[in-house]
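First comes the structure, then the notes that go with it.
The values are calculated or read from the model by the stated rules, or taken from the named source; none is laboratory data. The structure displayed is predicted, hence computed values, not measured ones. When we count neighbours, we look across all protein chains shown, and the Cβ atoms used for this are built from the backbone with ideal geometry, even at glycine. Surface accessibility is based on the protein's heavy atoms, side chains included, excluding ligands, DNA and RNA. Shrake-Rupley method; radii C 1.70, N 1.55, O 1.52, S 1.80 Å.
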Amino acid sequence: MSFRIGFGIDFHQLVTDRDFWLGGVKIAHHKGALGHSDADVLLHAICDAMLGAACLGDIGVHFPDTDTSLKDIDSKILLKKSFELVKKAGYDIVNIDSSLCLQAPKIKDYIPEMQRVIATILSLQINDVSIKATTTEKMGFVGREEGLVAYATILLQK
Ligand SMILES: [Zn+2]
């Protein structure tokens, strides 16, 4: 049995007049993430970690932001497509660990729903999808609520 580890990171700006999608869940907030797709930073980091573990490039290679068919696309679709690529290469996911870094709003109450959504798409158990959250103690672009960051690690099994 062979195992492969992967790491993903993603950043998006936070702006007014955008829906805020995070971990496949719509968050109630006066700002949302800006991007070509729905700009779901957590799902993008998980896609990158998964593709990275299988050495299949990154999300920008498979789903370029120059592709007009992907404009405002639901990132749950990108997650599903990334998973299909990884499965085609012969891998299953063992577990995911992730961290979100944002100043506001508090997202603790949304985490169980994010875990459920991600686990369903990736055929995992809830406790195979860890999601943590932190602030930057008001420092930097995250602290000024100009943007947010997601980090994800993933273990694949052949
Ligand atoms: Zn992204």
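Observations, loosely collected:
- Accessible carbon and sulfur surface of the range 14-158 relative to its total accessible area, %, 1.4 Å: 53
- Dipole in debye (nearest 20) - the range 49-158, about Cα centre, beta carbon charges: Lys, Arg +1; Asp, Glu -1: 220
- Accessible surface, per residue, of the chain when the full set of protein chains is kept, probe 1.4 Å, Å²: 50
- Per-residue ellipticity at 222 nm, computed for the chain from helices alone with -39500 (n - 2.57) per DSSP H run of at least four residues, works out to -8500 deg cm²/dmol.
- Gyration tensor verdict on the range 32-130 (Cα atoms; rounded if a/c is under 1.5, prolate if a/b is larger than b/c, oblate otherwise): oblate
- Once C-alpha pairs closer than 8 Å and six or more residues apart are averaged by separation and normalised to the residue number of the range 1-131, the relative contact order reads 24 percent.
- Cα centroid separation, the range 12-76 to the range 77-142 (Å): 12
- Our estimate of slack between S69 and H30, defined as 0.36 nm per intervening residue step minus the Cα-Cα distance, is 11.3 nm.
- Using θ = phi - 60° and Karplus 6.51 cos²θ - 1.76 cosθ + 1.60, couplings along the range 32-43 (whole Hz; Gly, Pro as x): x, 7, 9, x, 5, 8, 6, 6, 7, 4, 6, 5
- Applying a threshold of 30 Å to the alpha-carbon distances of K81/K138; K80/K158; K87/K132; K76/K158; K138/K158 flags K81/K138; K138/K158 as lying beyond it.
- Cα gyration tensor category, rounded, prolate or oblate, for the range 1-49 with a/c compared to 1.5: prolate
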